Structure formats: C-alpha cells, structure tokens
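Structure record follows, encoded as structure tokens.
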Amino acid sequence: MSVEPQMPKSWNRETKPHKFCPGCGHGLVLKALGEAIDELGIQDKVVFGCDIGCSLLAWDFFNVDTVQTHHGRTTPVVTGIKRANPDVICIAYMGDGGGYAIGSQHLVNAAARNERITAILVNNTNYAMTGGQMAPTTLPGQKTETSPYGRDVELMGYPTQGPEMVAAITREGAYVARGTVANLRQLKKYLKKALENQMAGNGFSFVEALSTCPTNWRTNAKETWAFLENEMPKYFKVGEIKVPGQKEAGQDG
Ligand SMILES: Cc1ncc(C[n+]2csc(CCOP(=O)(O)OP(=O)(O)O)c2C)c(N)n1
Ligand code: SF4
C-alpha cells in the first residue's frame with residue numbers, strides 16, 4: 001500500500017519533490033503559504049511573484065499564475081500586476097538579500113505608498129543561492145563566505161530589522177509581522193492575516209519568516225534548529241508588529 005503525501009491543494013504535485021536542499025526552511029514557508037491560500041479559497045485569484053535567490057526555486061511550486069523576476073525586483077513587478085488587476089491577490093516572495101539589500105528601495109517605496117500587495121521575505125541570514133555571503137540579516141559574529149572572522153558590527157553594522165522598518169514607514173491599514181518556520185501554525189496565521197488584509201484592500205502587508213539554510217550555515221539538523229530557535233530570535237523578535245485597527249507593538253498611550 002502506498003501512502004499519499006499530504007500537500008496543500010494549491011501546490012503543484014507534479015513538481016514535487018521540490019528543489020530546495022534537505023532541511024531548508026523555504027519549503028516550510030511555502031507549505032504554510034499553500035495552506036493559507038487553500039483555507040482562504042483564493043487559489044484562482046493568486047499571482048505569485050518570486051525573486052532571484054533560492055526563492056526562484058518556487059517558480060513551479062504552486063498551481064497558480066507565477067512570475068519570476070530579476071533579483072530584488074519582485075515587489076515592483078507584483079505592484080504593477082496589482083495596479084493593473086486590482087481584483088487579483090498579489091504575493092511577492094523574496095529572500096533577505098532581495099528585500100533588504102538589492103531590492104530595498106522597492107520594498108521601502110512600496111511600503112511607503114501602502115501598496116495593496118503581500119510581501120513575504122525569507123530571512124535565512126545569508127545570500128544562500130550564491131554560496132553563503134553576508135546578508136543584511138547576518139548575525140553579529142556569524143561567519144559567512146564574506147565575513148570569515150564573523151560579522152563585525154563596527155565595520156558592517158547590525159542586522160537589518162526589516163519588519164520594524166516597514167512598520168515605521170507604512171500608514172494605516174498596513175499589516176506587519178515576523179514569524180518563524182519553528183512555529184508553522186503561527187506563521188500560517190500571520191500569512192493568512194496578511195492575505196486577508198490585501199483582500200480587504202487595507203494596505204501593504206508584510207511577513208518576514210525566520211528560516212533555515214543548513215547548506216550554507218554548514219550545520220547538522222540539531223545545530224540548524226538550535227540556530228533558528230536560540231540565536232536568531234536574539235536579534236529578530238517574533239510576533240505581530242502592526243495590525244490594522246490596533247496600536248503598534250511597543251507604542252505608548
Ligand atoms: C542584479 C543581480 N545582482 C546579483 C545577482 C546574483 N545573485 C543571485 S542570487 C543572489 C543572492 C540571493 O540571496 P537572497 O536574496 O538572500 O535569497 P536566498 O538565496 O538566501 O534565498 C545574488 C547576489 C543577480 N542574480 N542579479
Ligand atoms: S542553499 Fe540554503 S536557502 Fe538555498 S535551498 Fe539550500 S538550504 Fe535552502
């Protein structure tokens with residue numbers, strides 16, 4: 001007897017097993033996203049945009065209309081699609097290099113304009129597809145191909161606090177959260193709320209997902225999970241940061 005693997009309905013089964021490395025967090029983020037799309041019943045309305053970087057390996061992941069863009073350019077491409085077709089649900093899927101470095105101007109300006117799209121950014125603390133160079137999110141002291149002695153914050157600054165930045169520059173109606181693949185149920189909840197925010201036409205929605213990259217971290221399964229659960233949250237606080245109709249986390253009054 002063969003057992004059918006459980007997959008979200010919106011996934012393209014013909015392209016599975018997927019192309020990510022064993023232990024990669026991308027597949028988990030995309031599982032939470034697939035379940036969120038299923039539960040909201042929006043598969044036939046979704047346009048999925050994926051960036052260059054390991055996120056491009058998702059170009060055939062879903063049974064939804066998909067566009068694959070240049071590095072850092074997913075946000076403006078998806079913004080254009082949304083402006084031309086306000087009824088579709090537009091998702092921009094990118095890595096931390098794509099969103100916080102080469103595409104940071106697009107993320108900042110789309111957020112500042114409160115574009116009615118949903119951006120999902122996978123934070124794995126490095127430029128993964130190109131072999132593990134330092135990214136804006138690399139932790140202090142973390143060794144990468146381009147910081148072989150560890151990230152020196154005097155020279156290279158502190159990790160980018162992406163959701164906190166987006167929350168600060170968006171106006172009313174924006175939804176901003178940081179989840180983690182260590183808590184998939186919570187991550188799915190945030191992704192669903194981000195999509196619902198777009199469906200309601202409220203404003204920009206942004207979810208950063210803390211994720212794993214054992215290939216470039218050069219970690220075994222136990223070390224990978226320990227880095228995700230113990231080290232990353234020291235710099236990246238998991239939770240909702242901005243919810244329409246609610247005061248921002250940490251706001252006075
Ligand atoms: C305009 C441009 N500059 C540089 C590159 C080379 N490049 C491809 S993937 C990548 C890094 C991707 O890192 P990130 O966005 O963090 O995604 P990850 O692979 O970690 O998921 C770079 C620098 C490119 N493809 N295009
Ligand atoms: S290099 Fe890292 S981010 Fe890319 S597929 Fe492999 S584990 Fe995932």
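Anything in region 126-146 that is small (Gly, Ala, Ser), surrounded by fewer than 20 Cβ atoms within 10 Å (Cβ to Cβ) and without any contact (Cβ under 8 Å) to a residue 60 or more places away in the chain? List them, or say none.
Correct list: 141 only.
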Revision key, fill the gap. Here the residues within region 109-146 that are away from ligand 1 (no atom under 16 Å from the Cβ), assigned to a strand (DSSP E or B) and touching a Ser or Thr at 6+ places or on another chain (Cβ under 8 Å) are 118
Exercise for review: Could you please find all residues in region 160-184 being hydroxyl-bearing (Ser, Thr, Tyr) and in a strand (DSSP E or B)?
Suggested key: 175, 180
Study note, to complete from the structure: Exactly one of 169, 102, 117, 81 is over 14 Å from the mean Cα position of the chain (by Cα) and either within 23 Å of residue 224 (Cα to Cα) or touching a residue at least 60 places away in the same chain (Cβ under 8 Å) (or both), and that one is 169
Point to revise | Inter-residue pairs, beta-carbon under 6 Å, first more than 25 Å from residue 124 (Cα to Cα) and in region 37-59, second among the aromatic types (Phe, Trp, Tyr) and within 13 Å of ligand 1 (Cβ to nearest atom), 6+ apart | key: none
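Among the residues of region 147-156, is any modelled with pLDDT of 95 or more and either under 27 Å from residue 46 (Cβ atoms) or within 13 Å of ligand 1 (Cβ to nearest atom) (or both)?
no
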Review point. When you go through 76, 148, 159, 86 one by one, which is the residue that is of a type outside the set (Asp, Glu) and within 22 Å of residue 182 (Cβ to Cβ)?
Key: 159
Check your understanding: Scanning for something of a type in the set (S, T, N, Q), more than 16 Å from ligand 2 (Cβ to nearest atom), buried (at least 17 other Cβ atoms within 10 Å of the Cβ) and part of a helix (DSSP H, G or I), does region 185-205 turn up at least one residue?
Key -> yes
**Study point:** Residue in region 93-114 that is within 21 Å of residue 31 (Cα to Cα), of a type outside the set (A, V, I, L, M) and more than 16 Å from ligand 2 (Cβ to nearest atom) present
**Key:** no
Review point. If you go through region 36-55 one residue at a time, how many are assigned to a helix (DSSP H, G or I) and surrounded by 21 or more Cβ atoms within 10 Å (Cβ to Cβ)?
Key: 4
Exercise for review: Of the numbered conditions (1) more than 25 Å from residue 10 (Cα to Cα); (2) part of a helix (DSSP H, G or I); (3) hydroxyl-bearing (Ser, Thr, Tyr); (4) more than 16 Å from ligand 2 (Cβ to nearest atom), residue 79 fails exactly one; give the number of that condition.
Suggested key: (1)
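Could you say whether any residue in region 207-223 is of a type in the set (A, V, I, L, M, F, W, C) and within 22 Å of residue 40 (Cβ to Cβ)?
yes
The values are calculated or read from the model by the stated rules, or taken from the named source; none is laboratory data. A quick note: this is a predicted structure, and the numbers were derived from the prediction, not measured. Counting neighbours? That spans all protein chains shown, and the Cβs are built from the backbone with ideal geometry, glycine included.
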